[in-house]
Amino acid sequence: MNGAAQDPGQGRGAGPLLAAAGCAFLLLVMVPAIGYAVARDAGWLPARPTNADELALGREGGLVLFSLAAVAIWAFSRLNPLPLPWRPAAVRSVLATYVPLAVCWWLLLVGYLRAAQALGLPVVPQDTLQYFAGADPARPGFWLACTATMLFAPLAEEIVFRGYLQGALRASIGPRAAVVAQGLLFGLVHGFAYALPIALLGVFFGWLRERHGSLLAPLVAHAVHNASVALSTLLFPGSLQWLYT
């Protein structure tokens, strides 16, 4: 790790930071869940989608509500400051490390999915991937879904995992172990089937946090990754069938 990457709030103990991580994570879970229930009961979102249009509307609605959760988490971070600065973004350095990592990650993902299929444990594509595989850019909610996927989802998850959680773990078990531990937890909250490949991304994002001493550095990598996955799925929807079956 880069020894210059020191948390400006390193005097804060693990307990307060872990409590902040828990509160932020509850916002991440509860805002979309409650919002979706309210929107469904009001008739704004379909309770039980019966066609492709209703299914797309439901997924768009879920992503928009996730964006609202991200805004709530950002507001929470203003009241309960993060244990590290937002800057620098270090865009050039981040991209220079992300690109080769992404190539290796995609190769590992293909191997992982093939191994799961061989073991009789096929992995189902995430809802967001299924949305972009059949997305129509002419839909009113399409660009809202894009913004949620490429901006708000990285914002929320970076604050929770690389901000508060990694800060708490860093204060208790040290920076190297914290990078690995938060990455594993990041993978697990995305579901057991996706835990390994997403945990590897989480470790990479955590390493960027340590290397640059900021939250924007992993956020940039996270946003670029989500954008590249969404764009490749949109342009080559058949890739999902090739990857997952």
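The values are calculated or read from the model by the stated rules, or taken from the named source; none is laboratory data. In this text the structure is predicted, and so the values were computed from the model without any measurement. Cβ sites come from the backbone with ideal geometry, for glycine too, and all protein chains shown count toward neighbours.
Checked against the criterion of being within 15 Å of Ala14 (Cβ to Cβ) and in contact (Cβ under 8 Å) with a residue 12 or more places away in the chain, the candidates Ala171, Ala148, Ala156 yield just one match: Ala171.
Being surrounded by fewer than 17 Cβ atoms within 10 Å (Cβ to Cβ) and either within 19 Å of Gly191 (Cβ to Cβ) or touching a Leu at 6+ places or on another chain (Cβ under 6 Å) (or both) narrows it down to one residue among Gln130, Gln117; which is it? Even if it seems obvious, please write down each step before you answer.
Numbers: Gln130 fails: surrounded by fewer than 17 Cβ atoms within 10 Å (Cβ to Cβ).
Of Gln130, Gln117, the one residue that is surrounded by fewer than 17 Cβ atoms within 10 Å (Cβ to Cβ) and either within 19 Å of Gly191 (Cβ to Cβ) or touching a Leu at 6+ places or on another chain (Cβ under 6 Å) (or both) is Gln117.
Going through (1) under 24 Å from Pro88 (Cβ atoms); (2) part of a helix (DSSP H, G or I); (3) of a type outside the set (Lys, Arg) one by one, Ser214 falls short only on (2).
Note on region 137-190: residues that are more than 17 Å from the chain's Cα centre (by Cα), buried (at least 16 other Cβ atoms within 10 Å of the Cβ) and part of a helix (DSSP H, G or I) total 8.
Of the residues Leu234, Leu208, Leu243, Leu200, which is buried (at least 22 other Cβ atoms within 10 Å of the Cβ) and part of a helix (DSSP H, G or I)?
Working: Leu234 fails: buried (at least 22 other Cβ atoms within 10 Å of the Cβ); Leu243 fails: buried (at least 22 other Cβ atoms within 10 Å of the Cβ); Leu200 fails: buried (at least 22 other Cβ atoms within 10 Å of the Cβ).
Of the residues listed, the single one that is buried (at least 22 other Cβ atoms within 10 Å of the Cβ) and part of a helix (DSSP H, G or I) is Leu208.
Only one entry in Gly120, Gly61 is part of a helix (DSSP H, G or I), over 25 Å from Leu208 (Cβ atoms) and at pLDDT below 95, namely Gly61. Is region 96-105 home to any residue that is in contact (Cβ under 8 Å) with a residue 12 or more places away in the chain, within 13 Å of His212 (Cα to Cα) and within 19 Å of the chain's Cα centre (by Cα)? For region 96-105, residues in contact (Cβ under 8 Å) with a residue 12 or more places away in the chain, within 13 Å of His212 (Cα to Cα) and within 19 Å of the chain's Cα centre (by Cα): present.
Hey, could you check region 27-51 for residues that are assigned to a helix (DSSP H, G or I) and touching a Gly at 6+ places or on another chain (Cβ under 7 Å) and say which is farthest from Glu158 (Cα to Cα)?
Going residue by residue through region 27-51, those that are assigned to a helix (DSSP H, G or I) are 27-41.
Right, trim to touching a Gly at 6+ places or on another chain (Cβ under 7 Å) and you get 32, 36, 39.
On the way: Pro32: 17, Tyr36: 23, Ala39: 27 Å.
Step by step, filter region 27-51, then rank; the result is Ala39.
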